[in-house]
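For reference, the structure discussed in these notes is given below.
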Number of protein chains: 2
Amino acid sequence: MQNRILSSGIKNHIGKEVLMQGWLHKKRLLGGLVFILLRDRGGVTQVLIEDKDEAQKLDGLQLGTVLEITGTVVAEERAPEGTEIHSPKITIMLPVTETSPIEIDKPLSHKSENLDTLFEYRVVGVRNINEGKVFKIRSALNRYIREFLHKNEFVEIQTPKILAGATEGGAEVFKFDYFGKEATLAQSPQFYKQIMVGAFERVFEIGPTFRAEPSTTSRHVSEITMLDIEMGFIESHDDVLKMTENLVFNVLNRVYEEHAEELKSLNAPELVLKASFPRYTLKTIHEMYTKATGINTVGEKDMRPEEEKWICDYSKKENECEAIFVTEFPVESMKFYHMINPKDPTTVCWADLLFRGLEIATCPMREHHYDKLVVQMKKAGIDPEHPGYKYYLQAFKFGLPPHGGFGFGIDRLVEKTIGLENVKEAILFPRDMNRLTP
Amino acid sequence: MQNRILSSGIKNHIGKEVLMQGWLHKKRLLGGLVFILLRDRGGVTQVLIEDKDEAQKLDGLQLGTVLEITGTVVAEERAPEGTEIHSPKITIMLPVTETSPIEIDKPLSHKSENLDTLFEYRVVGVRNINEGKVFKIRSALNRYIREFLHKNEFVEIQTPKILAGATEGGAEVFKFDYFGKEATLAQSPQFYKQIMVGAFERVFEIGPTFRAEPSTTSRHVSEITMLDIEMGFIESHDDVLKMTENLVFNVLNRVYEEHAEELKSLNAPELVLKASFPRYTLKTIHEMYTKATGINTVGEKDMRPEEEKWICDYSKKENECEAIFVTEFPVESMKFYHMINPKDPTTVCWADLLFRGLEIATCPMREHHYDKLVVQMKKAGIDPEHPGYKYYLQAFKFGLPPHGGFGFGIDRLVEKTIGLENVKEAILFPRDMNRLTP
């Protein structure tokens with residue numbers, strides 16, 4: 001293994017004999033010559049096989065066959081990476097004799113009528129170079145987010161996914177038997193991250209969350225990877241929005257810089273972002289949208305999906321920024337742990353971050369006064385004495401500073417960064433009402 | 001917030017007026033003077049309150065009260081960080097009037113009879129400085145592991161925790177209703193990481209895994225954070241062991257360097273490690289242990305917990321390395337996906353990594369030939385036609401190179417790095433048969 005060369009590094013070996021290992025990714029005959037592409041984790045390398053005995057070794061073998069090839073690196077403009085392997089000696093490390101159920105050497109269709117096939121054969125389909133890039137970018141996004149947060153003194157926490165009982169939004173939880181007790185799967189680390197502000201001020205977690213959504217839309221899956229962050233000693237809601245835009249601006253710019261070629265080959269849209277994201281109140285957006293389209297949304301308590309798209313397009317054009325904050329959601333839509341706007345009790349300290357037409361994060365400030373929180377719980381019809389809230393309330397009783405944070409969908413961020421149409425395309429093995437495999 | 005100073009940075013402000021925010025962490029009267037400790041995410045700062053009006057503001061308030069303090073930084077040898085705040089003006093940001101159910105200003109007892117109290121009051125207990133350090137080190141370990149893996153070109157994957165049905169080890173899984181179908185919680189990302197070798201060669205995941213272990217020992221919890229890695233195109237099992245020891249050596253040295261003070265204050269043992277970990281066959285250890293102790297374990301198929309401790313102690317003394325590999329496990333103990341040792345068919349290409357007396361990782365090479373794998377499945381009484389194995393086998397049918405990897409318990413690593421006695425102490429909110437809260 002020590003002498004193995006990867007496709008990504010081949011340019012440094014022109015004129016030299018190298019050893020490569022990888023998968024047979026493509027094979028074609030051209031004017032009596034055999035050309036193959038060898039795929040490895042660094043990309044693909046073209047190999048020209050002139051020797052008939054060597055070519056014969058591949059007879060009857062299919063794409064996916066694992067090969068070891070030694071040969072000479074030659075500059076060749078028409079080949080990927082500008083190089084080609086000549087005079088190869090081929091060793092079959094592992095033969096594949098069945099034809100792949102899905103094409104790995106051509107871009108796979110992501111049309112909605114083909115998605116089921118895409119997911120059914122994901123195991124092989126992800127070997128497709130373009131599919132693979134989606135998940136390399138996903139890995140990079142996770143990495144850059146964590147690096148940003150560590151730089152900003154956030155402590156990573158790992159909180160339980162098995163909970164004692166439904167607390168928030170009881171309907172859409174998965175329930176199961178836990179040694180004779182009822183347990184549920186965590187819908188979010190919301191309570192835990194707030195609790196941990198009491199210890200570390202700034203915490204984050206990237207992990208799975210579970211929602212029993214009886215829905216098969218392009219927006220909903222039942223297992224979601226969420227980034228959750230929470231920060232204490234904020235002066236106001238504004239601090240939460242600033243941290244959110246700093247993170248998004250930093251991470252997206254980095255991924256667009258360091259993965260420019262990959263994003264280009266996936267036809268990702270150009271990034272149009274400013275360091276400070278425009279802010280619009282929900283009311284303003286309703287008015288603007290109504291005026292522009294003639295569809296009356298004035299007075300609605302939330303945004304319509306078409307409005308989310310419209311305002312992002314508008315902001316991209318007018319502000320040169322395709323991420324925006326929607327602010328001042330009405331109290332009628334609040335969760336019990338949100339803070340009511342001290343300057344206007346009809347609205348909540350809660351903003352949504354929209355990016356390229358989709359909500360990717362919810363960024364509220366929390367009510368941190370124990371007494372007010374209990375009042376808000378009761379108003380929301382929640383019994384503060386319910387054992388599910390016991391430990392959560394403990395954190396407030398023994399002192400939590402002003403704090404806020406955000407829940408941030410990693411799947412949606414990947415979807416929108418690349419310009420996919422359906423969040424499931426951004427997930428290796430998505431789960432929805434109808435899909436529990438692979 | 002912009003002008004706030006943290007305890008960790010206070011030394012740079014001697015002689016200056018500063019603004020600090022944090023929790024009342026300790027309060028004592030000494031010769032008519034009031035001393036308080038203010039805790040923030042950077043540590044603690046001592047504040048001397050001479051003014052009676054200021055001191056009075058704290059009357060009736062308990063530890064945990066959230067404070068804002070402005071005052072002058074003065075060098076004071078006897079105080080933490082060698083500085084003290086004088087002439088403070090105090091603002092109560094949030095009063096706490098109830099006494100904490102657990103002490104946050106003195107080291108908490110981790111004696112086994114006190115563990116239940118420790119976990120029951122974890123919400124507040126983690127504000128204890130020493131408890132907090134455990135989880136800061138945990139955060140650092142996660143970070144250093146990922147940084148090592150990214151440097152070594154591993155791609156991070158996020159695989160589903162909701163699975164279609166029990167595959168590996170059917171007994172100890174949590175089952176639940178998933179829109180009318182039976183689903184289970186993932187016990188490990190084993191199959192997914194092997195599948196993904198076919199796309200990225202080198203992959204890793206840090207995430208929760210779930211085991212319905214009907215056990216309350218100090219070693220077992222039902223929700224475990226695992227690092228799973230898998231790497232393709234290995235030459236032999238040796239490559240897996242080398243990657244494992246490189247990771248552990250690199251990460252532990254880094255955490256001992258960068259967190260020396262924290263580890264010292266937690267009474268963590270000194271790190272005794274060499275870059276290359278000694279390797280002993282299971283058979284050799286049984287013989288050595290039997291000879292040294294008179295307890296006959298020769299011929300046993302696994303290690304006893306006492307043997308794990310003994311061999312680590314032995315190696316620490318004799319080899320100056322408290323991490324070792326146990327190699328050549330017998331075929332009788334193998335899992336169907338392990339590779340049988342090509343040089344000795346009575347043993348398996350499987351090693352365990354022991355550190356400070358505990359197994360923290362299992363490092364096998366996998367069988368990558370489809371036909372042999374199917375034979376091994378049948379031998380193990382598993383039906384290769386079972387739908388639970390369909391997608392896994394697809395990956396092999398379409399070509400997987402030689403590969404291996406390891407499953408690595410993050411909880412156990414934290415436990416052993418710090419020198420805790422029970423794995424649950426290393427988990428923020430542990431889950432076992434009897435504990436489903438907080």
Condition test on B:ALA79, is it within 20 Å of B:ASP40 (Cβ to Cβ) and out of contact with any Asp or Glu (no Cβ under 8 Å at 6 or more places or on another chain)?
-> yes
Working only within segment A:342-396, note down all residues that are small (Gly, Ala, Ser), surrounded by fewer than 23 Cβ atoms within 10 Å (Cβ to Cβ) and at pLDDT 95 or above.
-> A:GLY357
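Okay, residues lined up against (1) of a type in the set (Gly, Ala, Ser); (2) at pLDDT 95 or above:
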position	(1), (2)
B:GLU147	no, yes
B:GLU153	no, yes
B:GLN158	no, yes
B:ILE162	no, yes
B:GLU172	no, no
B:GLY207	yes, yes
B:SER218	yes, no
B:THR225	no, yes
B:GLU230	no, yes
For segment B:112-145, how many residues meet the condition of being under 17 Å from the mean Cα position of the chain (by Cα) and polar (S, T, N, Q)?
-> 3
Check segment B:339-353 and report whether any residue there is over 21 Å from the mean Cα position of the chain (by Cα), within 23 Å of B:THR225 (Cβ to Cβ) and of a type in the set (A, V, I, L, M, F, W, C).
-> yes
Scanning for something within 14 Å of another protein chain (Cβ to nearest Cβ), touching a helix residue (DSSP H, G or I) at 6+ places or on another chain (Cβ under 7 Å) and surrounded by fewer than 18 Cβ atoms within 10 Å (Cβ to Cβ), does segment B:74-92 turn up at least one residue?
-> no
Looking only at segment B:194-215, which residues are assigned to a loop (DSSP other than H, G, I, E, B) and within 10 Å of another protein chain (Cβ to nearest Cβ)?
-> B:GLU201, B:ALA212, B:GLU213, B:PRO214
Go through segment B:309-379 and tell me which strands (runs of 3 or more DSSP E), entirely inside it, have 1 or more residues that are farther than 21 Å from B:VAL197 by Cα and of a type in the set (Val, Ile, Thr).
-> B:323-327, B:358-364
Picked from segment B:397-406 (must be at the interface with chain A (Cβ under 9 Å from one of its Cβ atoms) and not aromatic (Phe, Trp, Tyr)), the residue surrounded by the fewest Cβ atoms within 10 Å (Cβ to Cβ) is B:LYS397
Can you run down the residue pairs with Cβ atoms below 6 Å, 6 or more apart or on separate chains, where the first is in segment A:146-161 and within 27 Å of B:ALA186 (Cβ to Cβ) and the partner is in a loop (DSSP other than H, G, I, E, B)?
-> A:THR159/A:PRO189; A:PRO160/B:PHE429; A:PRO160/B:ARG431; A:LYS161/A:ALA186
Is there a residue in segment B:185-193 that is assigned to a loop (DSSP other than H, G, I, E, B), over 26 Å from A:PRO438 (Cα atoms) and of a type in the set (Ser, Thr, Tyr)?
-> no
Pairs where the first residue, in segment B:212-237, is farther than 23 Å from B:ILE145 by Cα and the second is among the polar types (S, T, N, Q) and surrounded by fewer than 22 Cβ atoms within 10 Å (Cβ to Cβ), C-beta under 8 Å, 6+ apart | B:THR216/B:ASN434; B:SER218/B:SER112; B:SER218/B:ASN422
Please state which one of B:LEU141, B:LEU108 is buried (at least 16 other Cβ atoms within 10 Å of the Cβ), in a loop (DSSP other than H, G, I, E, B) and on the phi < 0 side of the Ramachandran plot.
-> B:LEU108
Any hit, segment B:114-130, residues being in contact with a Gly (Cβ under 9 Å, 6 or more places away or on another chain), in a strand (DSSP E or B) and touching a residue at least 40 places away in the same chain (Cβ under 8 Å) = no
Search segment B:169-185 for residues that are within 21 Å of A:THR216 (Cα to Cα) and loosely packed, with under 14 Cβ neighbours inside 10 Å and pair each with any residue that is basic (Lys, Arg) and at pLDDT 90 or above when their beta-carbon atoms are under 9 Å apart and the residues are at least 6 apart or on different chains.
-> B:ASP177/A:LYS175; B:GLU182/B:LYS175
So A:GLU98, is it buried (at least 20 other Cβ atoms within 10 Å of the Cβ) and either facing chain B (nearest Cβ under 9 Å) or acidic (Asp, Glu) (or both) | no
Within segment A:363-385, count every residue that is touching a residue at least 24 places away in the same chain (Cβ under 8 Å) and more than 9 Å from every other protein chain (Cβ to nearest Cβ).
-> 11
Give segment B:17-60 a look and list any residue that's within 12 Å of chain A (Cβ to nearest Cβ) and surrounded by fewer than 18 Cβ atoms within 10 Å (Cβ to Cβ), or say none.
-> B:LEU19, B:GLY42
Of B:SER139, B:SER188, which residue is under 30 Å from B:TYR256 (Cα atoms), within 7 Å of chain A (Cβ to nearest Cβ) and of a type in the set (Ser, Thr, Tyr)?
-> B:SER139
Which residues, taken from segment A:81-113, are touching a residue at least 60 places away in the same chain (Cβ under 8 Å), of a type in the set (D, E, K, R) and touching a Gly at 6+ places or on another chain (Cβ under 9 Å)?
-> A:GLU81
For B:PHE148: the one exception among (1) within 11 Å of chain A (Cβ to nearest Cβ); (2) surrounded by fewer than 21 Cβ atoms within 10 Å (Cβ to Cβ); (3) under 17 Å from the mean Cα position of the chain (by Cα) | (1)
Determine which member of the set B:LEU38, B:LEU29 is within 30 Å of A:ASP238 (Cα to Cα) and outside the structural domain of B:LYS133 (by TED's automatic domain parsing).
-> B:LEU38
Could you please let me know if B:PHE200 is crowded, with 22+ Cβ neighbours inside 10 Å, assigned by TED's automatic domain parsing to the domain that holds B:GLY419 and at negative phi?
-> yes
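The values are calculated or read from the model by the stated rules, or taken from the named source; none is laboratory data. Note that the coordinates shown come from a computational prediction; the quantities given were computed from them, not determined experimentally. A quick note on method: Cβ atoms are made from the backbone with ideal geometry, for glycine too, and the neighbour counts reach across all protein chains shown.
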